[in-house]
Amino acid sequence: MEPESGTSTSRNPSQLSWVNLSRNLLLAYQSFGVVYGDLSTSPLYVFTSAFRGKLLDHHDEETIFGTFSLIFWTLTLIPLLKYVFILLSADDNGEGGTFALYSLLCRHAKFNLLPNQQAADEELSSYKYGPSSQAVASSPLKRFLEKHKRLRTALLLVVLFGACMVVGDGVLTPAISVLASVSGLKVTEKKLTDGELVLLACVILVGLFALQHCGTHKVAFMFAPIVIIWLVSIFSVGLYNTIHWNPQIVRAISPYYIIKFFSKTGKEGWVSLGGILLCITGTEAMYADLGHFTASSIRLAFAFVIYPCLVIQYMGQAAFLSKNLNSIENSFYDSIPEPVFWPVFVIATLAAIVGSQAVITATFSIIKQCHALGCFPRVKVVHTSKHIYGQIYIPEINWILMILTLAITIGFQDTTIIGNAYGLACMTVMFVTTFLMTLVAIFVWQKSVFIAIAFLLFFWVIEGVYLSAAFIKVPQGGWVPLVLSFIFMAVMYVWHYGTRRKYSYDLHNKVSLKWLLGLGPSLGIVRVPGIGLIYTELATGIPAIFSHFVTNLPAFHRVLVFVCVKSVPVPYVSPEERFLIGRVCPRPYRMYRCIVRYGYKDIQRDDGDFENHLIQSIAEFIQMEAMEPQFSSSEASSSLDGRMAVISSRNLEYASSLIVSEHEDIGVDISIPSSRSLTLRSLQSVYDDESPQVRRRRVRFQLPENPGMNPDVKEELLDLIQAKDAGVAYIMGHSYVKARKSSSFLKKLVIDIGYSFLRKNCRGPAVALNIPHISLIEVGMIYYV
């Protein structure tokens, strides 16, 4: 037996590499459907957009060769060199996009503007991803940026501006892709009018947005074959056109033709760059969707399939145009040989829908991440796939996107004008990404500042030339992404500002622990059986809302837990590290603190187990505190707001603190103690009948027989179990935020009108946190900020 095991271990490395390669190939195949739909449909409109305007005056073979040369080098330098070879290495625990770069920066330098961050967050395994930041002494540049809050706010605004432009992409991509694909019907015998084409495009768009609630996974298996058939089609047509019309086009790969192009066309050539840059739209999706795939799979797909197919297609289209100068208006469809026109048209329309899908999904993801950073109002997030984590659907955003996309399609009715807007949005995102990547190279990868600046200047010069050409087209449609970004930025900044002011008020009006200790363990009121979960945004201290209770209510729950649900700058927090448990006052008070941590891509699911996890975590903490000297009660009482411990929710199933027994909660549970009134029990019964999907499994806890258990610990655990059996109440502040009378007019406008409007029209915190409505107690409170 032994020799056999020896041979198997010697085979392991090659087996592993084969398994790894096959996994990457499979992911590369899947990535065609999700990542590359947008990038691969660009040939539909690039030449048409580039030759609009005065460039038609220079309409000859040499200009077309120069245009192809520009497209070739743009595709080579930006998607291939910048994204595939450099940017895909800058991932955050496997995640990509502008937020991934920002969260990497927040962890390796103190750029974070999120409130309630703690040292304990830095112990998260995903927090330590990437090179160790402690090993290198902090640079003067890093200290300078950390010291000035305005610079950190400016950095956040740059990130949000990039995010808003991605939302702009989500509006413009479906409009331009679908309109460009159906424009093929102009060249058929039954030439459709522009109005009929727009109507057809609108029907397809409504269908696309209406299907979003299904989630991409339902049709994802169809997406990859569609894009692959599309790529094979454009590759074959491109190769045929190159050989049939003008094989000399191959020479245009030389950058010499770019110099000839600009020397001949001058300013018109520079303006045409606003159309040429459309060949790289959708490149950002390659990086933003990194979380669903691996860097290797995306590199394989782009370098060996996408890049060659696109280059050959553009080459073929240029070869066709060099001999058919009058076909510019509809260059893609005119260049298709007649026998294969209809199959290519159908595949083009399907590929355009796939390309739009990827950008819409990316928009949902961006909005979710903005919310996690405290920069977007609470919205309903629906998880659409049990198998693929991170695929989400946001109904409110979906319908807003649909209305805006239809408005742009009907309003402009022209792919060139939409292309002007689209090009500006894409180039701005790339410009922002280059800037953030430079900061990552300095602070995270700890590269030389000179190398980072060389990277910045090289790509900013290229992107700057394109961006300047795109800005020239602001009056011809380029204003659209700027207006959309301004509106979304205003919403984000107002929400962020209001949330920060509210948190600041909470922080400065905390209840004094000395006052609480002076009241004694009974808090000067009757402590009745039950658990009160008091929700607060504070990670330390006791919120002002609590003093309202103690001073205005005659009785309060026997066990109190201050719950803080917060975001940390990592993509995901593993379930083992989600709960931080601590004690607020000495043991007789029965007051605890629970901090629940989520990453910016985590989904807060309503699995009904939160209460049970919480009780088990507190029981585990009580045991740990008694056994481990660093959590001794003397230290806890001397520091009053004691040490916090990470309690692993996965290991709780094997924990010996409590015996767990469960049964289905059907109808009214007779075991509910008599301390609950008959009225409340009948209400619970009606509630369960009306909402069967929310029916919970009831978990009962018992104390194991352990003669050696500390009597104080035993008593505390029994109190906890009895309180759980008596029922759990969720207590939240129903806050009204108003500007102080002495505030400036602008602040009153932002807080009293802007922030107040957003709070009234977004989802309530209780709904967002999946709190059962029947157990909720809300306390009104006015914040003067």
Task: For the range 434-578, size of Cβ-based charge dipole, Lys and Arg +1, Asp and Glu -1, in debye - done: 400 debye
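Can you tell me, using C-alpha contacts under 8 Å and at least 6 residues apart, the relative contact order of the chain as a whole percent?
Dividing the mean separation by the residue count of the chain yields 17 percent.
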TODO: Run the numbers on the range 390-475 and let me know its relative contact order in percent, using alpha-carbon pairs under 8 Å that are six or more apart.
DONE: 34 percent
Open item on the list: Can you compute the modelled spin-label distance between residue 555 and residue 479, with each label point 7 Å from Cα toward Cβ, in nm?
Closed with: 6.5 nm
Open item on the list: Keeping all protein chains in place and using 1.4 angstrom, which order do 213, 496 fall into by accessible surface area, from largest down?
Closed with: 213, 496
Task: Selection from 477, 255, 320, by position along the positive dipole direction of the chain (Cβ) - done: 477
Task: Charge dipole (debye, nearest 20) of the chain; +1 at Cβ of Lys and Arg, -1 at Cβ of Asp and Glu - done: 2260 debye
Open item on the list: Rounded, prolate or oblate for the range 384-475? Axes are the square roots of the Cα gyration tensor eigenvalues, ordered a ≥ b ≥ c, and the cut-off for rounded is a/c under 1.5.
Closed with: oblate
Task: Probe 1.4 Å, all protein chains present, accessible-area order of 211, 533, 553, largest first - done: 211, 553, 533
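Quick check: residue separation of residue 263 and residue 214 times 0.36 nm, minus the Cα distance between them. What number comes out in nm?
12.4 nm
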Task: Extension reserve of the residue 738-residue 232 stretch, reckoned as 0.36 nm per residue once the Cα distance is removed - done: 176.1 nm
Open item on the list: If each residue of separation counts as 0.36 nm, what is the full-extension length gain between residue 468 and residue 776 once their alpha-carbon separation is subtracted?
Closed with: 105.4 nm
TODO: Only residues of the range 95-120 count here: report those whose backbone N is under 19 Å from the spot 7 Å along Cα→Cβ of residue 151, or say none.
DONE: 102-114
Task: Between 0 and 90°, nearest 10: helix 256-265 axis offset from the chain longest Cα axis - done: 80 degrees
- [ ] Round to the nearest 10 and report in Å² the accessible area of residue 107, as given by a 1.4 Å probe over the protein chains' heavy atoms.
- [x] 20 Å²
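Provide the three semi-axes, in whole Å and in decreasing order, of the ellipsoid equivalent to the range 704-783 as defined by the square roots of 5 times the Cα gyration tensor eigenvalues.
For the range 704-783, the semi-axes come out at 44, 15, 9 Å.
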TODO: Output the relative contact order of the range 444-581, whole-number percent, from Cα pairs under 8 angstrom with separation of 6+ residues.
DONE: 20 percent
- [ ] Rounded, prolate or oblate: pick one for the range 494-628, where a ≥ b ≥ c are the square roots of the eigenvalues of its C-alpha gyration tensor, a/c under 1.5 means rounded, and failing that, prolate if a/b is larger than b/c, else oblate.
- [x] oblate
Open item on the list: Compute the helix-to-body angle for 415-443: its Cα long axis versus the longest principal axis of the chain, expressed 0 to 90° and rounded to tens.
Closed with: 60 degrees
TODO: For the chain, build the charge dipole from Cβ charges (+1 Lys, Arg; -1 Asp, Glu) around the Cα centre, then report which of 733, 512, 426 sits farthest towards its positive end.
DONE: 512
Task: Cα-based helix-to-principal-axis angle, 149-182 vs the chain, degrees rounded to 10 - done: 50 degrees
Task: Solvent-accessible area of residue 511 with every protein chain in place, 1.4 Å probe, in Å² to the nearest 10 - done: 20 Å²
Open item on the list: Can you compute the FRET efficiency between residue 766 and residue 706 using 1/(1 + (r/R0)^6), with r the Cβ-Cβ distance and R0 = 35 Å? Round to the nearest 0.05.
Closed with: 0.35
TODO: Extending each Cα 7 Å along its Cβ direction at residue 19 and residue 515, get the distance between those two points in nm, one decimal.
DONE: 6.0 nm
Task: Reach of residue 191 by Cα under 28 Å, taken over lysines that are not fewer than 8 positions away in the same chain - done: 54, 323
- [ ] Name the residue farthest towards the positive end of the dipole of the range 210-300 from the options 225, 235, 286, assuming +1 on Cβ of Lys and Arg, -1 on Cβ of Asp and Glu, about the Cα centre.
- [x] 235
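Could you sort 514, 142, 54 by their accessible area in this structure, using a 1.4 Å probe and putting the largest first?
Final ranking, largest accessible area leading: 514, 54, 142.
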Open item on the list: For a quick check of understanding: with a 1.4 angstrom probe and all protein chains in place, what accessible area in square angstrom does residue 715 have, to the nearest ten?
Closed with: 100 Å²
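The values are calculated or read from the model by the stated rules, or taken from the named source; none is laboratory data. Everything numeric in this text was worked out from a predicted model, so none of it was measured. Glycine also receives a Cβ, built like all others from the backbone with ideal geometry; neighbour counts cover every protein chain displayed. To get the accessible areas, we keep the full protein, side chains included, count just its heavy atoms, and leave off ligands, DNA and RNA. Shrake-Rupley method; radii C 1.70, N 1.55, O 1.52, S 1.80 Å.
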